[in-house]
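For reference, the structure is listed below as structure tokens.
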Amino acid sequence: MTDEIRTALNWEDVRIFVALARYGSLSAAARALSLTHATIARRIRSLEQTLGEKLVERRPDGYVLTPAGTQALGPANDMEASAAKLLRGGPDGMPNGLVRVNAPPSLTQSFLVMRLAKFTLDYPSLDINITTDIRNVSLELYETDIALRFGRPDDGNVVATFAVSLGFGFYATKEWCERIKNGAAPLFVSFDESNAHLPEAQWLSLRFPRARIAFRTNLQLAQADAAKIGAGIALLPHFIGRNCGSLLPCSLEHTPPSREVWLITRRQTRRDLSMRAVIDFLTQVFIDERELFE
């Protein structure tokens, strides 16, 4: 496409390109932007003509970036972030604009949502979008700005900072704890088959190979709910188990291992004022509430 006549850069084309790269399909990008499929496709062609490069390729399962598209995504995201800051305004020297955070479902729903929502009250011009995703979303493809992950990443141009050690324990009703003390065989609540690969599910299967799992679900909060009504014993992160008033620690013969939580960001964005404010807040939250996790 390098021989085509280039036109002036259109910000709307850039905004739509970022959305398509983020969501991976015309349908998802169209829904997010309240536009038609045809408009998305037309704007992408316009940007490709402007830049003189093929930016995306259509695959059976959606759209993927070409090498040129990957190279263009960084500056395009910077433009989107700058536009958000301009639109939000706010006092000079104060965080503003949008910061996106991604974390595992249990950590998001049981810990981060309330704390980050409260944090925004101190910064009226700062918006936070927090999402959960079973897969590891990509910082390099700008799918998120800050990610909290189990385990330290070993690749990519990212900065990883240790956040907290996530401890686990067995939690059950008072009645189930009494049964275990009296020698009863444990009955468990655990992950469903599609999540049997998770470390907690594998460890439970290895240590208690003959134990029955009476109730299975993909979410640890749902496992806690099932344990509350006596469906069985749940292997839960302490920050969930300790906040369930009707559940008690249940002593079994094996002690579950802990996992490390790491805070991950793109190297080039850590100095951004809004990013720095959210990073510092999350870092301090895990320091202040470490006893809840360990």
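List of remarks:
Yes or no, residue by residue, for (1) within 18 Å of residue 103 (Cα to Cα); (2) in a strand (DSSP E or B); (3) among the polar types (S, T, N, Q):
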{"position": "139", "(1), (2), (3)": "yes, no, no"}
{"position": "147", "(1), (2), (3)": "yes, yes, no"}
{"position": "159", "(1), (2), (3)": "yes, yes, no"}
{"position": "176", "(1), (2), (3)": "no, no, no"}
{"position": "179", "(1), (2), (3)": "no, no, no"}
{"position": "201", "(1), (2), (3)": "no, no, no"}
{"position": "210", "(1), (2), (3)": "no, no, no"}
{"position": "215", "(1), (2), (3)": "no, yes, no"}
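- Conditions (1) buried (at least 18 other Cβ atoms within 10 Å of the Cβ); (2) without any contact (Cβ under 8 Å) to a residue 40 or more places away in the chain; (3) touching a strand residue (DSSP E or B) at 6+ places or on another chain (Cβ under 6 Å): number failed by residue 191: (3)
- Checking each residue in the range 161-174 for being in a loop (DSSP other than H, G, I, E, B) and of a type in the set (S, T, N, Q) picks out only 173.
- Candidates 113, 101, 56 - the one that is within 20 Å of residue 144 (Cα to Cα), at pLDDT 80 or above, β-branched (Val, Ile, Thr) and not assigned by TED's automatic domain parsing to the domain that holds residue 275: 56
Condition check ((1) without any contact (Cβ under 8 Å) to a residue 12 or more places away in the chain; (2) over 16 Å from residue 257 (Cβ atoms)) across all residues:
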| residue | (1), (2) |
| --- | --- |
| 165 | no, no |
| 169 | no, no |
| 186 | no, yes |
| 201 | yes, no |
| 208 | no, no |
| 212 | no, yes |
| 216 | no, yes |
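- Some residue of the range 240-248 being among the hydroxyl-bearing types (Ser, Thr, Tyr), closer than 15 Å to residue 171 by Cβ, assigned to a loop (DSSP other than H, G, I, E, B) and free of Cβ contacts under 8 Å to residues at least 60 places away in the same chain: no
The values are calculated or read from the model by the stated rules, or taken from the named source; none is laboratory data. Predicted model, so just to flag it, every value in this text is computed and none were measured. All Cβ positions, even for glycine, are placed from backbone atoms using ideal geometry, and neighbour counts span all protein chains on display.
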